[in-house]
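Chemist: Input: one structure, supplied below.
The values are calculated or read from the model by the stated rules, or taken from the named source; none is laboratory data. If you're wondering where the values come from, they're calculated on a predicted model, not measured in any experiment. For neighbour counting, all protein chains shown are included, and Cβ atoms are generated from backbone atoms with ideal geometry for every residue, glycine included.
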Amino acid sequence: MQQCSVCGSDKHHNEFVALKHRNKKRDSHLRCRSCAVCTKCKQDLPVHKFEGTSKFCRKCIASDIHWKCSTCESDIELKDANFDSINLKNAKSSRNDPLVCLKCREQKGVTPKDTRLYPCPVCGDRGHLKFDAQTLAKHRAGNRQKQLLQCTDCLQTHERSSV
């Protein structure tokens, strides 16, 4: 059994691209067959077409014109004004963090740590930063029916109107 450097899963040596598993000194990164497909252009490519443990091929990294936000799925032009520079760096690197546009970060409260949207009955879908951490933890644990999930903005508005 060998461990894939990209996805981290243990697989039989037959699951790795031809002969790369035999000489680990020659290639410091072992890439299984399923990780030899670029996540952006979806092409099945040889190992040397990837940079280290990145899931994006060198051609896609070099052509960095448009990227998709993991939350809103919008195809956004790659500019400093559209993405956080640290998030962009980590998305391109071997960390492969989910890319979140600044609009989703600011308006919805989403970060690369958690790109899911949670339901607020008043505001609609919001990111994890817009909710109380303990309430959200209970919601994630499966207590969805017992506790109504409200964002912090709604809770503050409700507190002001009841005073």
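Chemist: If you check GLN156, GLN150, which single one turns out to be at pLDDT 75 or above, more than 30 Å from PHE50 (Cα to Cα), part of a loop (DSSP other than H, G, I, E, B) and of a type in the set (S, T, N, Q)?
Modeler: That would be GLN150, the only listed residue that is at pLDDT 75 or above, more than 30 Å from PHE50 (Cα to Cα), part of a loop (DSSP other than H, G, I, E, B) and of a type in the set (S, T, N, Q).
Chemist: What are the residues in the range 41-57 that are surrounded by 13 or more Cβ atoms within 10 Å (Cβ to Cβ), charged (D, E, K, R) and modelled with pLDDT of 80 or more, if any?
Modeler: LYS49, LYS55
Chemist: Continuing with this model, one more query. I'd like the full set of residues that are of a type in the set (Lys, Arg) and either loosely packed, with under 14 Cβ neighbours inside 10 Å or at pLDDT below 80 (or both), limited to the range 1-39.
Modeler: LYS20, ARG22, LYS24, LYS25, ARG26
Chemist: Restricting to the range 79-109, count the residues that are part of a loop (DSSP other than H, G, I, E, B) and over 26 Å from CYS38 (Cβ atoms).
Modeler: 2
Chemist: Among residues belonging to the range 110-128 that are in a loop (DSSP other than H, G, I, E, B) and in contact with a Ser or Thr (Cβ under 9 Å, 6 or more places away or on another chain), point out the one that is surrounded by the most Cβ atoms within 10 Å (Cβ to Cβ).
Modeler: So, considering only residues that are in a loop (DSSP other than H, G, I, E, B) and in contact with a Ser or Thr (Cβ under 9 Å, 6 or more places away or on another chain), the one surrounded by the most Cβ atoms within 10 Å (Cβ to Cβ) is VAL110.
Chemist: Taking the range 58-78 as the region of interest, how many residues are outside any helix (DSSP H, G or I) and either modelled with pLDDT of 75 or more or not aliphatic (A, V, I, L, M) (or both)?
Modeler: Qualifying residue count, the range 58-78: 13.
Chemist: Got at least one residue in the range 98-106 being modelled with pLDDT under 85, of a type outside the set (A, V, I, L, M) and within 29 Å of ASP153 (Cα to Cα)?
Modeler: Scanning the range 98-106 turns up no residue that is modelled with pLDDT under 85, of a type outside the set (A, V, I, L, M) and within 29 Å of ASP153 (Cα to Cα).
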